[in-house]
1. Given the residues Thr275, Thr267, which is the only one that is closer than 29 Å to Ala139 by Cα, surrounded by 15 or more Cβ atoms within 10 Å (Cβ to Cβ) and among the polar types (S, T, N, Q)?
2. Given the criterion in the same structural domain as Ile121 (by TED's automatic domain parsing), surrounded by 17 or more Cβ atoms within 10 Å (Cβ to Cβ) and in a strand (DSSP E or B), identify the matching residue among Arg156, Arg144.
3. Which ones in region 186-216 are among the hydroxyl-bearing types (Ser, Thr, Tyr) and either more than 20 Å from the chain's Cα centre (by Cα) or under 17 Å from Met251 (Cα atoms) (or both)?
4. Quick one: in region 253-264, which of the residues that are buried (at least 17 other Cβ atoms within 10 Å of the Cβ) and over 18 Å from the mean Cα position of the chain (by Cα) is nearest to Gly174 (Cα to Cα)?
5. Phe234 fails exactly one of the following numbered conditions: (1) at pLDDT below 95; (2) surrounded by 16 or more Cβ atoms within 10 Å (Cβ to Cβ); (3) of a type in the set (Phe, Trp, Tyr); (4) within 16 Å of Ala101 (Cα to Cα). What is the number of that condition?
6. Give all pairs with beta carbons closer than 8 Å in which a residue from region 249-275 that is closer than 17 Å to Leu107 by Cα meets a residue that is in a helix (DSSP H, G or I) and among the hydroxyl-bearing types (Ser, Thr, Tyr); count only pairs at least 6 apart in sequence or on separate chains.
7. Go through the residues of region 208-223 one by one and say whether even a single one is surrounded by 18 or more Cβ atoms within 10 Å (Cβ to Cβ), part of a loop (DSSP other than H, G, I, E, B), touching a residue at least 40 places away in the same chain (Cβ under 8 Å) and not assigned by TED's automatic domain parsing to the domain that holds Val106.
8. Scanning region 1-40 for residues that are of a type in the set (Asp, Glu) and surrounded by 13 or more Cβ atoms within 10 Å (Cβ to Cβ), which turns out farthest from Val72 (Cα to Cα)?
Amino acid sequence: MDNWDDRRFFLAVAREGSINKAAKKLAVNRTTVLRRITAFEEKLGVRLFERLPNGYFTTAAGDEMKRAAEQVEAVINDADRRLAGRDTRLSGTIQVSISGALTTSVLMEDLAQFSRSHPDIRLEILNSFNMPDLARREADVAIRISNDPPEDLVGRRILKIARAAYVSRELLPGRDGKLKSSTGWIGWSLGPSSLQWVEDSDFPDLPVTAIITDPYATIEALRAGMGMSVLPCFMGDLEPDLYRMPPGRIMLMTDLWILTHKDLRNTARIRKFTTFIATALLRHRDLLEGKCARELP
């Protein structure tokens, strides 16, 4: 379609509000995005963005262009999905959105096995905690931990992901059951969802003494004795230096889904992959559902 590529660059900047973020989204350099946006505005003879110190914001003309471009995008993506849904070949690319922790702690060997078994299928693993927009082809398959997946997607609930509270050996309670005075919570934010599990835990009165947003950095902080934190059991139970804080109960259980867009569910390579990865996840069921806790020292 004439000028669609211009509109694709425009939409990225309009949605991200930043040239740098748009460049990262489009997998190009910053200069390319800036040049394309400037040329597009000159071609149209209208300013689409206000360039402000805190970002790019659409003008009235930009708002109108955004609505029109999103309509065109929806038509193109719909056609692409429908065509892909007729693909009976076990070849091509599959973009899989999945949390990095689940990939590295559990599924990497399985993903490698799939690639070896199907060399004509190229896996693109997109490590993200955010749900991609499959209608916009941000991914083909999403493996997501959620009790409320988007209703416009199709897929299956595979099992539940368990979480528990973990500490280093040094912070385990003594024989009298008393907590060490230095024990506090390590949270991932001060938002309501992060604080709710503190309230629901066996230790609701302990303070949140640190915030760490990365799960692997949290593990290092736990090893160093910084405090106690909730981790997925598939991470915490594999760490030889960490233990579940007694009584060691499961605190949270969240559904794990394999999802795709309805137009892609019959694509041969998508069907092959989703069946394979569902079987792989079920092989790890005990670990994922928190049934592999190690004994306390």
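The values are calculated or read from the model by the stated rules, or taken from the named source; none is laboratory data. Note that the structure is predicted; figures quoted are calculated from it, not measured. Cβ sites come from the backbone with ideal geometry, for glycine too, and all protein chains shown count toward neighbours.
1. After ruling out the rest, the residue left standing is Thr267.
2. Checking each option against the conditions leaves just Arg144.
3. Ser193, Ser194, Ser201, Thr209
4. Leu264
5. (1)
6. Ile258/Thr274
7. Within region 208-223 (the criterion being surrounded by 18 or more Cβ atoms within 10 Å (Cβ to Cβ), part of a loop (DSSP other than H, G, I, E, B), touching a residue at least 40 places away in the same chain (Cβ under 8 Å) and not assigned by TED's automatic domain parsing to the domain that holds Val106), the answer is no, since none of the residues qualifies.
8. Among those that are of a type in the set (Asp, Glu) and surrounded by 13 or more Cβ atoms within 10 Å (Cβ to Cβ), it is Glu16.
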